[in-house]
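The values are calculated or read from the model by the stated rules, or taken from the named source; none is laboratory data. Model, not experiment: these values are computed from the prediction. Cβ: placed from backbone, ideal geometry, glycine included. Neighbour counts: every protein chain shown.
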C-alpha cells in the first residue's frame, strides 16, 4: 500500500472524521503514534491502515485492497 492509497482508504472509510483520526488518534500498534506521526516515522502505510482498522472496528471485508483505484479500461 502506498501513502496515497492509505490516505484515500482513510478518506473513503471515515469521511469527515478522517482528518481527526489521522492527526489525533494515537495507535499503540504503531508505537503510540498518530497515523500521521507513524507515516512520518517511516512505518509502512499498510501496517498503519490495519492498526487503524482494528482500533476503529472496521470489518475485515473492508480492510484489504482499500484505497486502490479501479483499473483503467483499455
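In the stretch 1-21, the residues that are over 15 Å from residue 38 (Cα atoms) reach residues that are modelled with pLDDT of 90 or more and not in a helix (DSSP H, G or I) with C-beta atoms within less than 7 angstrom, at least six apart or across chains, in these pairs: 13/58. Evaluate the following for residue 26: is it modelled with pLDDT of 95 or more and in contact with a strand residue (DSSP E or B) (Cβ under 9 Å, 6 or more places away or on another chain)? Yes; evaluated as a whole, the condition is true for this residue. Looking only at the stretch 51-64, residues that are assigned to a helix (DSSP H, G or I) and closer than 14 Å to residue 25 by Cα come to 5 in all. Taking the numbered list (1) part of a helix (DSSP H, G or I); (2) at pLDDT 95 or above in turn, residue 13 passes all entries but (2).
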